[in-house]
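Just so it is clear, none of the values below were taken in a lab; they were calculated from the coordinates. Quick caveat, the model's predicted, so the values are computed rather than measured. We place every Cβ from the backbone using ideal geometry, glycine too, and count neighbours over all the protein chains shown.
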Amino acid sequence: LRDVAIKVLNLFDDKINQKEIEVIVDIPDDLTLAVDKDYVEQVLVNYVDNAIKYTYPKTTITISGVKQDNGFARIVVIDNGPGIPMKDQARVFERFFRVEKSRQRDVGGTGLGLAIVKHIVEGFKGEVGVRSNEKGTAFWATLPMCY
Ligand code: ATP
Ligand code: MG
């Protein structure tokens, strides 16, 4: 998981530098997922893309990975952006759903990223979710681990 996270961060190097974002990666070296790398990459690309798009300049985003005792790892991507209103949190994983226009005038997107993440993760019997307030957002996903 750590290797994929670092690869994904390299893809976003320019945007990270432009916005002067600090990135923290907190993933154990021996956390290995029982999922093809390309799927893990797609999940992280979408969460990290959003985190970078929405976090305020000169803030921190954190990518963490935690081993759970049910055989799944929990991946969490946290940003320090405007957050997602409570009423919209239940809908962000729907296809084409985007939060009110006023907040995203300058931030493009089709509203498919999170629907793709949910589709991939649920295909492996994992779960996705979001926690958010006006100080930032945490998106999480669980995927099966190797033993
Ligand atoms: P795409 O990922 O297809 O390029 P998108 O980023 O708009 O487009 P999603 O990734 O599915 O689509 O996200 C859906 C909506 O949820 C976004 O348009 C945005 O309104 C909201 N959202 C997603 N991530 C965040 C975040 N980290 N902070 C605030 N709002 C977010
Ligand atoms: Mg997106």
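Among all residue pairs at least 6 apart or on different chains, which show Cβ distances below 9 Å where the first residue, located in segment 48-65, is under 10 Å from Gly81 (Cβ atoms) and within 15 Å of ligand 2 (Cβ to nearest atom) and the second is among the small types (Gly, Ala, Ser) and part of a helix (DSSP H, G or I)?
The qualifying pairs are Asn50/Gly113; Ile61/Ala51.
Could you list, in sequence order, the residues of segment 113-147 that are part of a loop (DSSP other than H, G, I, E, B) and either in contact (Cβ under 8 Å) with a residue 60 or more places away in the chain or not basic (Lys, Arg) (or both)? Steps first, please.
Our first condition is that a residue be part of a loop (DSSP other than H, G, I, E, B); within segment 113-147, this holds for 124-127, 134-135, 146-147.
Listed by number, the residues that qualify are Phe124, Gly126, Glu127, Glu134, Cys146, Tyr147.
Of Met145, Met86, which residue is on the phi < 0 side of the Ramachandran plot, surrounded by fewer than 12 Cβ atoms within 10 Å (Cβ to Cβ) and of a type in the set (A, V, I, L, M)?
Working: Met145 fails: surrounded by fewer than 12 Cβ atoms within 10 Å (Cβ to Cβ).
From the options Met145, Met86, the qualifying one is Met86.
Out of (1) of a type in the set (Ser, Thr, Tyr); (2) part of a strand (DSSP E or B); (3) surrounded by fewer than 17 Cβ atoms within 10 Å (Cβ to Cβ), the odd one out for Thr110 is which?
(2)
Cβ-Cβ distance below 6 Å, separation of 6 or more or different chains: which pairs start in segment 77-97 with a residue that is without any contact (Cβ under 8 Å) to a residue 60 or more places away in the chain and over 16 Å from Tyr47 (Cβ atoms) and end on one that is of a type in the set (Asp, Glu) and part of a loop (DSSP other than H, G, I, E, B)?
none
Filter the strands (runs of 3 or more DSSP E) completely within segment 15-93 down to those with at least 1 residues that are among the basic types (Lys, Arg). Can you show your working first?
Working: elements: 22-26, 60-67, 72-79.
Here the list reads 60-67, 72-79.
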